[in-house]
Every structure is written in C-alpha cells, then in structure tokens.
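*Asks:* Please read through the structure below; I'll follow up with questions.
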C-alpha cells in the first residue's frame, strides 16, 4: 500500500491541471499515487493527463464524462484511492516544493485528518500572501470529542477553511473515510465533505493542524462563481447554515461559533458587491434574511445596501483591489517578506 493518494476531481480544467500534476511529479517517489476523476468532456484535460499516464506508472485516470457536482465527485474520486491517506487536491491548485517529504514525516503520527495552510497566488501561481486558517497556532492537535478542544478550535478559526471548506488543504485517513456513514443525502450542499469530516472527528478521530503551507492556491479562478457572485454567496450562506444544523443540531454555542467564521469569511464591507449584482429583489431579500441570521446588524445591512446602490464606486473598488493583487508590486512584497515560498 502506498502512503498517499493524491485525489483530484476535475471538471474542464485543461488550462490548469498540467501545473497541478507537474508540482506533484517534481517530487516523484514510490510513496504516492495519483487518482484523477474527470467528470467533464474537455479534450484538453484528457490530452494533458494522458501524457502523464504514459510517463508514470502510479497515476490512474477515470473519465466519467458525467457532471455529478463537487460533492459526488469528491466521493467518487476518494473511492478509487488505495493509499493509507488521501490528499484532496483541486485541479487548479498545486503543491509547494518539498510538500511530499514534509507530509510523509507528519503522517507517521497517524491522525485521522490533517489540515495544512496555503499560499494564495495569482492566476499564474505567483505567490501573493500566506494564509493561516487559525489565529492561535500554539496548539496543533485537536480532539473534537473533547468539547474544550472543539470550542477552542472554532474560536481560533480565521475563515471557513478552518472548518474544511477548502479541499486542497485536506489530508484524510482513507480507511476512516471509507468506514464513515454514507453521505449522499447531503449532496448538493457543495460542502457534504465537511459534514462527513466533522462526523469523523466528533466520533473520536484526531485532527492535526499543520502550520506550514503545503498548497499553492490559484486565485481568481473560483469554480463556484460560474453562476455569479450572488449565487456564490448563497452557496456559503445555505451551506454553512445546513452544516451547523446537522453537525450541532441542539448546541447554540457551537452553531454560533460556526456563524462567526461565516462573518469573518464575508465581512460586511465586501457584501456591497453582492448588493450591486443582486438585481432580483427577492434574491436580495433572501440574502438579507441570511445576513441577519448570521449576525449582521441592521446598521451594517443598511450601509451595504447604500454602498451597493453606488455601482460605479463598488466596481471601481473591486477593480483596484483585483489589479493590486495581480500586480508585480504585490508579488514583490510577498517575496520580500516571505522569500520564494514563504
């Protein structure tokens, strides 16, 4: 049995998957395998992957050609893994140099789930900034069955990646994942894997948080944005609400801590763009209801609506921020502070 299965669900990512695979095979050894589950009909993806299949014996390409949605595709990809651990990896991200060696050393401890940090990059995978999922990084091993550990962990979260929303930072013990209860009734939430991981951890599995970033996260490429920014926010509003209700059905404190992460992920001053794009008043009313449920005050909602009505200002601010994040100046600042890969 190999130690690591890189599990890569993909859908029409021919322009980016080569960089993903190159980052893995620069670190080639016999300890890992690569599983690619392709639910698209993109011939470029097939052509690129087949080049790697012809070069390396430890890669398996499954092309279903049927789009099942991210929840189903994650589950289908993991079903083909034979390694002791499965590392979920998006086909538009990459792993940092030395990541395989570093992870192999960590996996000796045998935890159920590992969560690593990431380096946020531009579309060309040039580093922009390091991101840590937790504020407090002094504790690295957590047992969610212990309420004190769980509360402390949720309190230290900085954004939704702390509750496993960003799949490229997740490494899961394969035998424990496969033994967990069937999860198809949560498909369609976009975050069914989060519910399953919490089930594993609440039932005694241990989590290790890895301070070092092991993933290069390609920005400006969010597949959840394909139906617009309004629907992208609704995915989080609906999904996190569902997760909180299922995972902590009667525990208001823990639900509140999960809601806190939602607010940190989407601060009120960023939501003017959502108001700008929400031309359907019924949709905006649903969003407003969600904002109130997640603890945004009426004052903040009023400011969001006021800013959102000034479309030119909002759009100009978004363009300036995006241009800065993509700029050579932003990348130079990262390199100055962190070096090549932090």
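Every read-out reported here was derived from the displayed coordinates using simple, explicitly stated rules and does not represent laboratory data. Quantities reported herein were computed from a predicted structural model and do not represent experimental measurements. Don't worry about glycine lacking a Cβ; one is built from the backbone with ideal geometry, like all the others, and counts go over all protein chains shown.
*Asks:* According to the square roots a ≥ b ≥ c of the eigenvalues of the Cα gyration tensor, what is the shape class of the range 226-309, taking rounded for a/c under 1.5, prolate for a/b larger than b/c otherwise, and oblate for the remainder?
*Replies:* Judged from the Cα gyration tensor, the range 226-309 comes out prolate (a/c at least 1.5, a/b above b/c).
*Asks:* Taking the number of other C-beta atoms within 10 Å as the exposure measure, put 218, 158 in order starting with the fewest.
*Replies:* 158, 218
*Asks:* Just how far, in whole angstrom, is the range 85-115 from the range 159-180 if you go by their alpha carbon centroids?
*Replies:* 11 Å
*Asks:* While we're looking at this one, here's another question. Quick one: length gained pulling residue 54 to residue 67 fully straight, 0.36 nm per residue minus the C-alpha distance?
*Replies:* This chain segment gains 2.1 nm when fully extended.
*Asks:* Among 73, 93, 42, which one shows the highest mean-square fluctuation when the chain is modelled as a Gaussian network with alpha-carbon springs under 10 Å?
*Replies:* 42
*Asks:* Now, a different point. Can you give the FRET efficiency to the nearest 0.05 for residue 101 and residue 185, using r as the Cβ-Cβ distance and R₀ = 56 Å?
*Replies:* Calculated transfer efficiency: 0.90.
*Asks:* Can you tell me which of 67, 260, 241 moves the most in a GNM of the chain? Springs connect C-alpha atoms under 10 Å apart.
*Replies:* Most flexible of the set in this elastic network: 67.
*Asks:* Order by neighbour count: 138, 10, fewest other Cβ atoms within 10 Å first, most last.
*Replies:* Least crowded to most crowded, the residues run 138, 10.
*Asks:* Under 10 Å, Cα contacts only: if you run a Gaussian network model on the chain, which one of 20, 47, 77 comes out with the highest mean-square fluctuation?
*Replies:* Per the Cα network of the chain with a 10 Å cutoff, 47 tops the list.
*Asks:* How far is it, in nm, from the label point at residue 155 to the one at residue 264 when both lie 7 Å from their Cα along the line to the Cβ?
*Replies:* Modelled inter-label distance: 1.2 nm.
*Asks:* Here's a follow-up. Relative to the longest principal Cα axis of the chain, at what angle does helix 311-326 sit, 0 to 90 degrees, rounded to 10?
*Replies:* Here the helix axis deviates by roughly 30 degrees.
*Asks:* If you don't mind, there's one more thing I want to ask. Just from its helices, what would the mean residue ellipticity at 222 nm be for the chain, if runs of 4 or more DSSP H residues each count -39500 (n - 2.57) and the sum is divided by every residue, rounded to the nearest 500 deg cm²/dmol?
*Replies:* -14000 deg cm²/dmol
*Asks:* Assuming R0 = 41 Å, can you tell me the calculated FRET efficiency for the pair residue 82 and residue 281, based on Cβ-Cβ distance, to the nearest 0.05? Numbers along the way, then the final one.
*Replies:* Working: r = 52 Å, r/R0 = 1.26.
Approximately 0.20, to the nearest 0.05.
*Asks:* For the range 1-99, what are Rg and Dmax over the alpha carbons, in angstrom?
*Replies:* Final numbers for Rg and Dmax: 12.2, 35 Å.
*Asks:* Same structure, new question: Relative to the longest principal axis of the chain, what angle (0 to 90°, nearest 10) does the C-alpha long axis of helix 298-308 take?
*Replies:* Compared with the principal axis, the helix lies near 80 degrees.
*Asks:* Of 297, 90, how do they rank once you tally other Cβ atoms within 10 Å and put the fewest first?
*Replies:* Ascending Cβ contact count within 10 Å gives the list 297, 90.
*Asks:* Give me the angle, in degrees from 0 to 90, between the Cα long axis of helix 43-55 and the longest principal axis of the Cα atoms of the chain, rounded to the nearest 10.
*Replies:* Its long axis makes an angle of about 30 degrees.
*Asks:* Same structure again: Roughly speaking, what is the centre-to-centre gap between the range 200-259 and the range 129-144 when only Cα atoms are used, to the nearest Å?
*Replies:* Rounded to whole Å, the Cα centres lie 15 Å apart.
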